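Undergrad: The structure under discussion is supplied below as structure tokens; questions concerning it will follow.
The values are calculated or read from the model by the stated rules, or taken from the named source; none is laboratory data. If you're wondering where the values come from, they're calculated on a predicted model, not measured in any experiment. As a convention, Cβ positions derive from the backbone with ideal geometry for all residues, glycine included, and neighbour counts pool all protein chains shown. Protein only, heavy atoms only, side chains kept; ligands, DNA and RNA dropped before computing areas. Shrake-Rupley method; radii C 1.70, N 1.55, O 1.52, S 1.80 Å.
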Amino acid sequence: MFTLFNKSKNKINIYKYVQLNSKSFLNKHFYSNINNNLRHQSVLLETATKIILETQLEKSDFNSSYIIDATFGAGGHTRKLLEKNPNISVLAIDRDETAFSHSEFQQMQDEFKDRLDFVCGPFSKLESYQKECKYHKQGKVVSAILFDLGVSSMQLDNRERGFSFRPTHDAPLDMRMSKQQQISAEYVVNSMSTEMLTSIFLKYGQEKFAERIAHSICARREKNPILTTHELVEFFSFLKI
């Protein structure tokens with residue numbers, strides 16, 4: 001899901017876009033990238049940037065404000081905004097440190113210089129990042145906040161991250177959005193109690209068989225721990241619920 005918060009005329013308008021035909025969308029934008037080895041494509045790139053640009057009070061408004069990209073990723077939305085208007089400044093946030101180490105980000109820093117600032121961390125701390133960024137200290141205000149929520153194809157395609165369930169991407173069961181996080185998926189699956197696993201599946205997955213799955217995981221790990229993505233997939237493929 002993609003969400004954009006845009007502040008205009010002292011009101012906050014919330015735009016939500018849900019891809020109705022998810023299978024068609026994945027075939028076009030995700031699986032085609034895997035098969036053809038194409039670069040990551042940002043979701044609703046043209047639509048999101050158009051809304052931000054069109055809902056500003058006036059073009060000069062960008063001189064006294066800045067935009068927050070709370071899920072920077074590969075930087076597609078940020079780049080498009082910076083290219084569209086020379087007065088736009090962006091604070092980029094991402095908890096995945098690899099987002100700020102790839103060549104595209106280095107190129108953007110060289111190209112846009114003072115118009116791009118960044119913070120590596122979770123967007124749950126957005127308020128504190130906003131207060132510490134250089135644009136806030138310059139007296140500028142936030143005019144829009146953009147969220148592109150969910151796991152990135154860059155993370156799914158990197159087998160070492162342990163996100164993918166594809167047979168060719170067997171890897172340690174990691175799934176951390178940042179290497180700074182201490183708890184991995186392996187720890188969750190092999191160490192947490194039945195009650196805790198049930199709570200996680202219910203709260204974050206809305207899984208109606210949460211308790212049964214949690215009991216099955218705990219029974220399985222007493223014999224052998226689940227250590228890789230392939231082992232997790234195999235466990236669920238034989239699970240009877």
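Undergrad: I'd like the full set of residues that are crowded, with 16+ Cβ neighbours inside 10 Å, touching an Asp or Glu at 6+ places or on another chain (Cβ under 8 Å) and among the small types (Gly, Ala, Ser), limited to segment 153-183.
TA: If the condition is that a residue be crowded, with 16+ Cβ neighbours inside 10 Å, touching an Asp or Glu at 6+ places or on another chain (Cβ under 8 Å) and among the small types (Gly, Ala, Ser), then 162, 164, 171 are the ones that fit.
Undergrad: Taking segment 194-204 as the search range and keeping residues that are open to solvent by 40 Å² or more (accessible area, probe 1.4 Å) and farther than 18 Å from residue 173 by Cα, which one is modelled with the lowest pLDDT?
TA: Within segment 194-204, the match that is modelled with the lowest pLDDT is 204.
Undergrad: When you scan segment 1-108 for helices (runs of 4 or more DSSP H) that lie fully inside it, which ones turn up with 2 or more residues that are closer than 20 Å to residue 154 by Cβ and at pLDDT below 85?
TA: Correct list: 22-26, 32-36.
Undergrad: In contact with a Lys or Arg (Cβ under 8 Å, 6 or more places away or on another chain), open to solvent by less than 90 Å² (accessible area, probe 1.4 Å), free of Cβ contacts under 8 Å to residues at least 60 places away in the same chain and of a type outside the set (A, V, I, L, M, F, W, C): does that describe residue 128? If you could, list the steps in order and put the result at the bottom.
TA: Details: in contact with a Lys or Arg (Cβ under 8 Å, 6 or more places away or on another chain): no; open to solvent by less than 90 Å² (accessible area, probe 1.4 Å): yes; free of Cβ contacts under 8 Å to residues at least 60 places away in the same chain: yes; of a type outside the set (A, V, I, L, M, F, W, C): yes.
For residue 128, the condition - in contact with a Lys or Arg (Cβ under 8 Å, 6 or more places away or on another chain), open to solvent by less than 90 Å² (accessible area, probe 1.4 Å), free of Cβ contacts under 8 Å to residues at least 60 places away in the same chain and of a type outside the set (A, V, I, L, M, F, W, C) - is not met.
Undergrad: Out of everything in segment 134-157 that is in a loop (DSSP other than H, G, I, E, B) and free of Cβ contacts under 8 Å to residues at least 60 places away in the same chain, what residue ends up being farthest from the chain's Cα centre (by Cα)?
TA: 138
Undergrad: Here's a follow-up. Here is a list: 144, 214, 219. Which entry is more than 30 Å from residue 53 (Cβ to Cβ), open to solvent by less than 40 Å² (accessible area, probe 1.4 Å) and among the small types (Gly, Ala, Ser)?
TA: 214
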